[in-house]
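Read through the structure below, which is laid out as structure tokens, and then see the notes.
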Amino acid sequence: MPVERFALELRELHRDAGKPKQQLLAAAMHCSHATVSAILNGHRFPSWFQTEAFVRACRGDVDAWRYKWTETDREINADLPVPGAGDVPATSRPAVRHLTGREFYLTLAAEVRRTEHRILTTYIRTTPPHYFAGFTDQETGRAANEYFNAILSWAALSESHSVRRLVCLPNAEMLDWGQEVRRHTQKIPGYEVRVLDWQINTDPVNIAIFDDTSVFLAFDAGASPRMGGFRIDDQEFARGAIGYFSRLWSSGIRLADHLASLSG
């Protein structure tokens with residue numbers, strides 16, 4: 001089995017590195033001691049983010065392990081059914097899929113529930129989510145609400161779940177929403193929010209990355225039939241998207257600190 005084989009190789013790397021303590025590995029991987037144990041015992045396949053942190057902590061060859069991880073991930077996913085794919089072979093499924101309206105948000109919510117380790121996402125908009133959902137049909141609005149609620153529920157399920165969300169708060173309505181986000185997330189250890197100083201009075205393309213593999217790009221064309229975006233399942237694209245998100249993240253300010261600076 002690919003997961004067990006990958007775990008065996010990780011254990012060999014761990015042994016060759018002098019068996020660093022699992023507490024140290026957990027800190028480097030931003031996960032729990034139990035998650036490290038599950039990965040090393042072949043009960044859980046790590047994300048690339050976790051694998052890279054583990055390899056660096058054990059002084060391994062990151063490029064070589066990137067190849068191993070990618071090949072194992074492909075082998076694992078080759079036999080997984082894709083909703084709506086029917087009998088289409090995995091190798092012929094499109095890496096880019098266009099989604100609109102209700103389908104877009106339902107697919108996002110389903111991806112949240114499938115995610116095992118971390119979610120990187122942005123909400124860089126000039127209006128709160130209830131505005132965005134409010135000018136479309138009721139089914140799409142409900143699906144959008146389901147997606148936002150699914151992330152909160154998922155983050156609260158396990159201490160090994162990690163959410164990083166980037167937002168902007170350019171006006172009073174968004175600031176009220178930011179305070180609401182703070183209230184809902186402050187007791188969830190793995191849910192981090194940072195604020196960007198977004199100066200442009202328009203919404204950019206927003207992004208969501210699940211387990212460092214599936215990437216969603218969200219577009220707001222201003223009309224409900226055209227709301228939606230793209231799902232992209234491509235490792236190289238995901239790698240670039242993670243780098244882009246990381247650069248934005250490094251320039252953000254913690255939501256709690258931003259709100260404190262305004263009230264002070």
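Could you please find all residues in segment 136-160 being open to solvent by less than 40 Å² (accessible area, probe 1.4 Å), touching a His at 6+ places or on another chain (Cβ under 9 Å) and at pLDDT 90 or above?
Selection gives Trp154, Ala155.
Counting only residues that are open to solvent by less than 50 Å² (accessible area, probe 1.4 Å), closer than 17 Å to Arg5 by Cα and free of Cβ contacts under 8 Å to residues at least 40 places away in the same chain, how many does segment 28-50 have?
Residues in segment 28-50 being open to solvent by less than 50 Å² (accessible area, probe 1.4 Å), closer than 17 Å to Arg5 by Cα and free of Cβ contacts under 8 Å to residues at least 40 places away in the same chain: 5 in total.
Please determine, by comparing only the residues of segment 223-236 that are modelled with pLDDT under 90 and of a type outside the set (D, E, K, R), which one is most open to solvent (accessible area, probe 1.4 Å).
Pro225
Which residues, taken from segment 1-25, are of a type in the set (Gly, Ala, Ser) and loosely packed, with under 11 Cβ neighbours inside 10 Å?
Listed by number, the list holds a single entry, Gly18.
Out of segment 54-72, which residues are open to solvent by 20 Å² or more (accessible area, probe 1.4 Å), assigned to a helix (DSSP H, G or I) and either touching a Lys or Arg at 6+ places or on another chain (Cβ under 8 Å) or modelled with pLDDT of 90 or more (or both)?
If the condition is that a residue be open to solvent by 20 Å² or more (accessible area, probe 1.4 Å), assigned to a helix (DSSP H, G or I) and either touching a Lys or Arg at 6+ places or on another chain (Cβ under 8 Å) or modelled with pLDDT of 90 or more (or both), then Arg56, Ala57, Val62 are the ones that fit.
Among the residues of segment 248-262, write down those that are open to solvent by 60 Å² or more (accessible area, probe 1.4 Å) and either modelled with pLDDT of 90 or more or among the β-branched types (Val, Ile, Thr) (or both).
Ser250, Ser251, Ile253, Arg254, Asp257, Ser261
Only one of (1) touching an Asp or Glu at 6+ places or on another chain (Cβ under 8 Å); (2) open to solvent by 20 Å² or more (accessible area, probe 1.4 Å); (3) among the aliphatic types (A, V, I, L, M) is not met by Ala172, so which one is it?
The failed condition is (1).
Cβ-Cβ distance below 8 Å, separation of 6 or more or different chains: which pairs start in segment 12-27 with a residue that is closer than 26 Å to Glu159 by Cα and end on one that is open to solvent by less than 100 Å² (accessible area, probe 1.4 Å) and polar (S, T, N, Q)?
Gln22/Ser37; Ala26/Ser32; Ala26/Thr35
Restricting to segment 186-222, and then to whatever is of a type in the set (Asp, Glu) and more than 16 Å from Ala109 (Cα to Cα), can you tell me which residue is surrounded by the most Cβ atoms within 10 Å (Cβ to Cβ)?
Asp212
The values are calculated or read from the model by the stated rules, or taken from the named source; none is laboratory data. Because the structure is predicted, anything quoted here is derived from the model rather than measured. Cβ: placed from backbone, ideal geometry, glycine included. Neighbour counts: every protein chain shown. Accessible surface is based on the protein model in full, side chains and every heavy atom, while ligands, DNA and RNA are left aside. Shrake-Rupley method; radii C 1.70, N 1.55, O 1.52, S 1.80 Å.
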